Amino acid sequence: MSLPHTYTTSQLAEAAEVGSQTLRYYERRGLLPEPPRTAGGHRQYGPQHLERLLFIQKVQRLGFHLDEIQELLRVEEEPAPDSAETVDRFLGRIEEKAIALSEMRESLARLREEAESQLIGHGD
């Protein structure tokens with residue numbers, strides 16, 4: 001049986017495409033659990049840390065701020081009576097973004113069609 005892969009700070013930062021200072025900042029904010037340390041005091045991250053970092057990045061790309069992400073992570077770690085409401089709020093915002101993106105896609109498709117028709121019309 002093989003042991004789970006571990007990462008040094010620089011290895012994890014590279015795998016997640018973030019800076020080492022970002023990792024430490026996320027730890028201080030409580031977004032990333034503090035990893036165990038080696039006997040020499042070096043941080044030893046596991047696959048769960050990489051998974052958490054990738055999740056944070058995905059949620060950030062959706063336009064959520066770190067405070068909001070922290071709230072969502074708290075629901076995962078410590079479900080509370082209002083957890084469903086919190087998740088519903090996030091789902092609602094994601095749905096709003098999906099609608100806005102769909103509308104933008106339709107607008108751009110119309111713009112493209114207009115541009116193509118103008119090019120065809122000028123090709124005479």
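For segment 1-20, the set of residues classified as touching a Lys or Arg at 6+ places or on another chain (Cβ under 7 Å) and at pLDDT below 90 is empty.
A residue that is surrounded by 11 or more Cβ atoms within 10 Å (Cβ to Cβ), at positive phi and not aliphatic (A, V, I, L, M) can be found somewhere in segment 24-47.
The values are calculated or read from the model by the stated rules, or taken from the named source; none is laboratory data. What you are looking at is a predicted structure, and each value in this text was computed from that prediction instead of being measured. Neighbour counts run over all protein chains shown; Cβ positions are idealised from the backbone, glycine included.
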